[in-house]
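S.K.: Structure in structure tokens, see below.
The values are calculated or read from the model by the stated rules, or taken from the named source; none is laboratory data. All figures in this text were calculated on a predicted structure; none of them were measured in a lab. Virtual Cβ from ideal backbone geometry, glycine too; neighbours counted across all protein chains shown. What goes into the accessible areas is simple: the full protein's heavy atoms, side chains included, and nothing from ligands, DNA or RNA. Shrake-Rupley method; radii C 1.70, N 1.55, O 1.52, S 1.80 Å.
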Amino acid sequence: MPVYLIGTLDTKGQEVAFLRDELRSFGVDVAVIDASCLRTPTIATDVQREAVFEAAGTTLDAVGAANDRGHAVTTAARGMAALVARLHAEGSVAGVIGLGGSAGTTIATAGMRVLPIGIPKVMASTLASGQVRPYVGDKDILMLNTIVDVSGINRISRIVLGEAACAMAGLVTLRKTSLATSDKPVVAATMFGVTTPCVERARQVLEEAGYEVLVFHATGTGGQAMESLIADGVIAGVLDITTTELADELVGGVLSAGPNRLTAAGRKGIPQVISVGALDMVNFGPPETIPPKFADRKFYRHNPTVTLMRTTPDENKKLGEEIARKAAAATGPTAILFPLRGVSAIDREGQPFDDRPARDALLDALHRNRGSVELLERNQHINDPEFAEYAARKLIELLNARQ
């Protein structure tokens with residue numbers, strides 16, 4: 001079973017050949033996929049570029065005739081994703097490795113993101129020291145900074161591409177841990193720093209009841225990763241304590257998980273307990289990065305790189321409507337839990353984000369839009385042990401009832 005090496009062979013042939021030979025020196029079976037289209041490939045390939053564009057529903061000639069580099073890269077990325085997904089379905093992918101600049105990174109990582117967690121993915125990229133979320137998404141992609149441009153083999157690129165080869169060789173030849181290492185049913189939970197006491201206590205209750213708990217940090221990518229694993233059928237139930245990513249999506253913060261957050265469990269029909277953890281806040285970077293339109297809002301400096309902004313009653317109304325709507329659309333057992341005394345460590349009496357009208361707007365919107373979904377009000381703070389224990393036991397109840 002080969003490792004697929006992705007590169008644009010019209011411009012990166014020398015570098016792809018070097019990486020291919022390094023991998024083969026470790027005994028790795030390598031198949032090269034050409035993702036170029038505008039010029040003639042400079043080395044031989046195992047998977048022709050025609051196959052990439054055919055997988056995208058077009059032809060190499062059609063893309064070349066358009067003479068539009070942006071269109072070519074976008075089309076190649078779409079084709080690479082389809083091609084690698086097909087190869088994986090056929091059981092013939094040991095791993096995927098790529099190299100390149102912005103175009104090569106876009107194309108190669110599109111092929112990596114369609115693969116499940118656990119299949120090795122390495123990207124040697126000129127962009128690896130910057131904002132890599134568009135390329136990594138919610139998958140286990142190892143990004144390696146090439147330091148210099150991918151342009152020739154020199155004393156720097158030789159070292160870095162050699163490191164990429166070593167990484168991939170180790171990933172495919174050394175013992176790997178499987179997702180299925182336990183027969184315990186898996187529960188997903190969402191946590192933020194301001195809801196940590198709740199989730200830690202709930203996790204203890206769930207583990208004592210025989211469940212394996214995967215905790216996802218609600219930083220955008222965390223929520224995306226959880227939704228992806230739910231869709232893949234890995235998760236038996238969800239304790240969605242911390243739905244804060246919805247606030248960032250609504251208001252424009254930096255930790256959004258996208259519009260599909262809080263939908264996978266409902267579509268999959270698995271039991272879920274939903275709460276409103278950290279919906280009191282929208283996340284931004286340092287104060288100087290906050291958009292000027294928010295100048296008159298209430299802020300809390302969480303640390304030097306994170307500034308929190310208090311959500312308003314109107315924003316909470318919209319968040320309540322969204323949660324209730326998504327919960328009502330669920331095809332499996334669902335309950336919503338509401339902590340009346342505060343939704344985060346800094347939303348409680350005496351704390352900077354304490355705002356009763358905002359919480360009331362959130363709760364009222366949940367009541368008005370939940371349909372037949374159970375909404376349970378608790379006269380507790382979200383981080384009270386009693387709330388955490390109740391939430392965990394409610395999920396266990398839903399899981400047992402489904403069984």
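S.K.: So for segment 356-403, considering every pair of alpha-carbon atoms, how many percent are separated by more than 17 Å?
M.R.: Considering segment 356-403, 50 percent of its Cα-Cα pairs are separated by more than 17 Å.
S.K.: Nearest 20 debye, what's the magnitude of the dipole of segment 259-318 about its Cα centre given +1 on Lys and Arg Cβ and -1 on Asp and Glu Cβ?
M.R.: Details: 10 positive and 5 negative charges, 47 e Å.
Here the size comes out at about 220 debye.
S.K.: In addition: Around Gln204, what is the net charge, scoring Lys/Arg as +1 and Asp/Glu as -1 over all other residues with Cβ under 15 Å from its Cβ?
M.R.: On the way: positive: Lys184, Arg201, Arg203, Arg393; negative: Glu200, Glu207, Glu208, Glu212, Asp384, Glu386, Glu389.
Net charge in that neighbourhood comes out at -3.
S.K.: Sticking with this structure for a sec: D for the chain, whole µm²/s, Stokes-Einstein with Kirkwood Rh over alpha-carbon pairs at 4 °C and 1.567 mPa s: what number? Could you put the intermediate results ahead of the total?
M.R.: On the way: Rh = 23.1 Å.
In µm²/s, the coefficient rounds to 56.
S.K.: Students often check this: by mean Cβ neighbours within 10 Å, which of 365-378, 267-280, 58-71 ranks highest, and how do the rest follow?
M.R.: Working: 365-378: 15.4, 267-280: 25.6, 58-71: 13.2.
Put in order of decreasing packing, that is 267-280, 365-378, 58-71.
S.K.: With Cβ to Cβ distances under 12 Å as the rule, what net charge do the other residues near Ala62 carry (K, R +1; D, E -1)?
M.R.: Working: positive: none; negative: Glu50, Glu54, Asp61, Asp68.
Here the count lands on -4.
S.K.: Here is a further query. Using a 1.4 Å probe, how large is the accessible area of Lys317, given in Å² and rounded to the nearest 10?
M.R.: In the full protein context, Lys317 sits at about 90 Å².
S.K.: Return one number: the angle in degrees, 0 to 90 and rounded to the nearest 10, between the long axis of the Cα atoms of helix 13-25 and the longest principal axis of the Cα atoms of the chain.
M.R.: Around 80 degrees separate the two axes.
S.K.: Provide the percentage of antiparallel DSSP beta bridges, counting only those with both residues in segment 260-403; round to the nearest 5.
M.R.: On the way: 9 of 17 bridges.
Approximately 55 percent, going by the DSSP bridge assignments.
S.K.: Which part of segment 381-403 falls in the paramagnetic zone of His302, meaning amide N under 18 Å from the point 7 Å along Cα-to-beta-carbon?
M.R.: Answer for segment 381-403: 382-383.
S.K.: Let me ask another. When the chain is modelled as a GNM with alpha-carbon springs shorter than 10 Å, which of Pro197, Pro304, Pro116 fluctuates the most?
M.R.: Top of the fluctuation ranking is Pro304.
S.K.: Could you pull the accessible area for Ser25 with a 1.4 Å probe, rounded to 10 Å²?
M.R.: 80
S.K.: For segment 125-178, state which trypsin sites (Lys or Arg not before Pro) are in a DSSP loop and have at most 11 other beta carbons lying within 10 Å of their beta carbon. Please report the intermediate quantities before stating the final value.
M.R.: Details: sites: Lys139, Arg155, Arg158, Arg175, Lys176; in loops: Lys139, Arg155, Arg175, Lys176.
Sparse-neighbourhood loop trypsin sites (Lys or Arg not before Pro): Arg155, Arg175, Lys176.
S.K.: Each label point is 7 Å from the Cα along the Cα-to-Cβ direction; what then is the distance between the points at Arg86 and Thr42, in nm?
M.R.: Here the modelled spin labels are 2.9 nm apart.
S.K.: Let me ask you something else. Around Leu319, what is the net charge, scoring Lys/Arg as +1 and Asp/Glu as -1 over all other residues with Cβ under 14 Å from its Cβ? Spell out each step's value before the answer.
M.R.: On the way: positive: Arg261, Arg310, Lys317, Lys318, Arg325, Lys326, Arg359, Arg368, Arg370; negative: Asp240, Glu245, Asp248, Glu249, Asp280, Asp314, Glu315, Glu321, Glu322, Asp347, Asp355, Asp360, Asp364.
After counting each charged neighbour, the total is -4.
S.K.: Now for a separate question. For segment 170-248, what is the charge dipole size about the Cα centre, in debye to the nearest 20, if Lys and Arg each add +1 at the Cβ and Asp and Glu each add -1 at the Cβ? Write down the numbers at each step before the final one.
M.R.: Values: 5 positive and 10 negative charges, 62 e Å.
It works out to roughly 300 debye.
S.K.: Solvent-accessible area per residue for the chain at a 1.4 Å probe radius, Å²? Spell out each step's value before the answer.
M.R.: Values: 17270 Å² over 403 residues.
Heavy-atom accessible area per residue stands at 43 Å².
S.K.: Figure the gain on full extension for Asp360 and Ser25 (residue separation times 0.36 nm, minus the Cα-Cα span) and round it to one decimal in nm.
M.R.: Length gained, Asp360 through Ser25: 114.1 nm.
S.K.: Given the convex hull over the Cα atoms of segment 177-266, what projected area results after averaging over all orientations, in nm²? Display every interim value, and only then the final one.
M.R.: On the way: hull surface 24.0 nm².
For segment 177-266, the mean projected area of the Cα convex hull comes to 6.0 nm².
S.K.: Now for a different question. Among DSSP bridges having both ends in the chain, what percentage is antiparallel? Round to the nearest 5.
M.R.: Numbers: 9 of 48 bridges.
Restricted to the chain, the bridges split so that about 20 percent are antiparallel.
S.K.: Could you tell me the accessible area of His217 in Å² (1.4 Å probe, neighbours in place), rounded to the nearest ten?
M.R.: My reading of the accessible area for His217 is about 100 Å².
S.K.: Let me ask something additional. Determine the calculated [θ] at 222 nm for the chain from helices alone, applying -39500 (n - 2.57) to every DSSP H run no shorter than 4 residues and normalising by the residue count; nearest 500 deg cm²/dmol. Intermediate values should be presented prior to the final figure.
M.R.: On the way: 14 runs with 165 residues, N = 403.
Using -39500 (n - 2.57) per qualifying helix, the result is -12500 deg cm²/dmol.
S.K.: Over the chain, with every protein chain in place, what whole percent of the accessible area is carbon and sulfur at 1.4 Å, could you tell me? Let's see the in-between values first.
M.R.: On the way: 8600 of 17270 Å².
Whole-percent figure for carbon plus sulfur exposure: 50.
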